[in-house]
Amino acid sequence: MTIAELEQRLVAVERELAELKMELKQKQKRGWESTFGIFANDPVFDEVVRQGREWREQVNRETMP
């Protein structure tokens with residue numbers, strides 16, 4: 001095997017290692033981190049949040065003396 005062939009293989013191995021590291025890093029996200037921000041600027045989600053707030057406020061008014 002020539003030096004050029006070894007260098008070529010080393011470049012390929014380094015590229016694959018970098019790809020595997022990136023893939024592993026993405027898989028390590030847990031829980032809320034993997035879903036954080038998925039509803040950003042979503043008017044439907046904003047409406048759900050508004051209605052939930054209204055419902056909680058109504059229940060609190062009805063149950064609090």
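The values are calculated or read from the model by the stated rules, or taken from the named source; none is laboratory data. All values derive from a computational prediction rather than experimental measurement. Here the Cβ positions follow ideal geometry from the backbone for every residue, glycine too, while neighbour counts run over all protein chains shown.
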Residues within the stretch 28-48 that are surrounded by 10 or more Cβ atoms within 10 Å (Cβ to Cβ) and either in contact with a Cys (Cβ under 8 Å, 6 or more places away or on another chain) or not charged (D, E, K, R) (or both), tallied
5
Output the number of the condition that Gly37 fails; it satisfies all remaining conditions of (1) at positive phi; (2) over 10 Å from the mean Cα position of the chain (by Cα).
(2)
Among the residues that make up the stretch 48-59, is at least one of them among the acidic types (Asp, Glu) and at pLDDT below 95?
no
Residues that are at negative phi, within 12 Å of the chain's Cα centre (by Cα) and assigned to a helix (DSSP H, G or I), drawn from the stretch 1-34
Lys25, Gln26, Lys27, Trp32, Glu33, Ser34
